[in-house]
Amino acid sequence: MEKLITIAGGGLAGLSCGLGLRSAGIPVELHEAGQYPRHRVCGEFLCGVTEETLKRLGADQLLEGAQRLETMTWFRGAKSILSAKLPIPGLGISRHLLDFRLQAALKHAGARVYENSRITEPPREGLLNCTGRPAIKGGFIGLKAHFQGLELTSDLEMHLGRGAYLGISRVEHGAVNACGLFPASAIPSSKKSELLFEALRSVGLADLASRLGGACLQSGTLSAVAAFQPGWQKSKALAAIGDAAAAIPPFTGNGMSMAFESALAAVQALTPYGRGESSWTACVENMTRSMTKQFGLRMRLAMVMHPFLTHPAGQALLAVGVRSGLIPLQTAFTHLR
């Protein structure tokens, strides 16, 4: 007899894991603290995940309308330091749309999906944590918003400020997503509509703030995420995937891919438990080993690069190295996948 797997958290990792488990015939219930559709702080840039992974999760048909992203430009302040083709083309699609499609597909597959439902029970057998990065004091704050009428210099722009960075890329319906990571100390206490613009000014990106201010901020898209620290997360859960297990620094643009990849690792490892063929402990150990092996190199490389992107001296060194060719940013981009 199949065993129920309960998923806490309905983001990319939780939804796609549930979809994959249902395709294997495993009963699933998912609890999402918010409701669909909703905007989330996310780069909304999918790059590196294979078509095979998406197919095995049943998510390959849910990317219709995603924008193909092929070029990138990096800026330090107002100065361009690199313009190039992306070594691996990406896809731009909003979480508002993608999560909505995933939850609809999960319901259609026979799972029970509960919105406005937060699981507060302690870790137990059969409970998978997909609740995202745990909040901490200090650290970084994530901010994101969608804009209409903003011309881009390339499909993906990366802007480096003092202790901060912000990425801009195209998503569906002519919108662009602007998503940044800021030190918690730089977040102003201004009204919400001015939050992103003031944060940009506070880290030396006033020209970018003015440029975004000249575009149309889409109502309801401005979002924030509480202070967190990237890296391997110390979760109290017995089993965790997605950002709840490993939050790669956002500049990599690999967070969405890792959510799907960790979901597949969970599906492969937990299916024997769901079929009553193996213990929960053994299955979770297999899942953890799989993710450690799959994500280890990219996490180490990302955590080495992250301080360079959030420190003035590191940014200056990066700019010189990229312009001179001593730092192969495109090669690093490939290895981060």
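The values are calculated or read from the model by the stated rules, or taken from the named source; none is laboratory data. This structure is a prediction, so every number in the text was calculated from the model and none was measured. Don't worry about glycine lacking a Cβ; one is built from the backbone with ideal geometry, like all the others, and counts go over all protein chains shown. What goes into the accessible areas is simple: the full protein's heavy atoms, side chains included, and nothing from ligands, DNA or RNA. Shrake-Rupley method; radii C 1.70, N 1.55, O 1.52, S 1.80 Å.
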Once you put a point 7 Å from the Cα of Ala109 and another 7 Å from the Cα of Arg162, both along the Cβ direction, what distance in nm separates them?
4.7 nm
Can you give me the orientation-averaged projected area of the convex hull built on the Cα atoms of the stretch 235-324, in nm²?
6.7 nm²
Ratio of the Cα radius of gyration of the chain to 2.2 N^0.38 Å, where N counts its residues
0.98
Of all GluC sites (Glu not before Pro) in the stretch 126-172, the ones in DSSP coil with at most 10 other Cβ atoms within 10 Å are Glu151
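Can you give the charge dipole size of the stretch 1-113 about its Cα centre, rounded to the nearest 20 debye, using +1 on the beta carbon of Lys and Arg and -1 on the beta carbon of Asp and Glu?
On the way: 14 positive and 10 negative charges, 56 e Å.
Using only the charged Cβ atoms, the result is roughly 260 debye.
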Mind listing the phi-derived Karplus ³J(HN,Hα) values for the stretch 140-147, rounded to whole Hz, using 6.51, -1.76 and 1.60 with θ = phi - 60°, and x for any glycine or proline?
10, 10, x, 10, 8, 7, 9, 10
Heavy-atom accessible surface of the stretch 203-337: percent carbon and sulfur, 1.4 Å
60 percent
Length released on extending from Glu70 to Glu52, taking residue separation times 0.36 nm less the Cα-Cα span:
4.4 nm
Unit charges on C-beta of K, R, D, E only; dipole of the chain, Debye:
620 debye
Report, to the nearest whole %, how much of the accessible area of the stretch 1-84 belongs to carbon and sulfur atoms, 1.4 Å probe, protein only.
46 percent
For the ranges 11-23, 93-105, what's the packing order if you count other beta-carbon atoms within 10 Å of each residue, average per peptide, and put the highest first?
11-23, 93-105
Computed over the Cα atoms of the stretch 271-329, what is the ratio Rg over Rh, Rh following Kirkwood?
1.37
With a probe of 1.4 Å, find how much accessible area the stretch 42-95 has per residue, and write the answer as a whole number in Å².
46 Å²
The stretch 174-261 -> Rg/Rh from Cα coords, Kirkwood Rh, value 1.02
Pairwise centroid distance, computed over Cα atoms, of the stretch 108-140 with the stretch 276-337, Å
25 Å
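Which value, in Å to one decimal place, does the Kirkwood hydrodynamic radius take for the stretch 3-109 when every pair of different Cα atoms is included?
15.4 Å
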So which trypsin sites (Lys or Arg not before Pro) in the stretch 109-162 pass both tests, a DSSP loop state and at most 14 other Cβ atoms within 10 Å of the Cβ?
Arg118, Arg124, Lys137
Which value in nm describes the separation of the simple spin-label points at Ala316 and Lys85, placed 7 Å from the Cα toward the beta carbon?
3.5 nm
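Between Ala206 and Arg118, what length comes free when the chain is fully extended (0.36 nm per residue of separation minus the Cα-Cα distance, one decimal in nm)?
Extra length available between Ala206 and Arg118 comes to 27.8 nm.
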Once both axes come from the Cα atoms, what is the angle between helix 95-108 and the longest principal axis of the chain, in degrees from 0 to 90, rounded to 10?
10 degrees
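With the other protein chains left in place, how much accessible area per residue, in square angstrom, belongs to the stretch 165-324 at a 1.4 angstrom probe? Spell out each step's value before the answer.
Working: 6650 Å² over 160 residues.
That works out to 42 Å² per residue.
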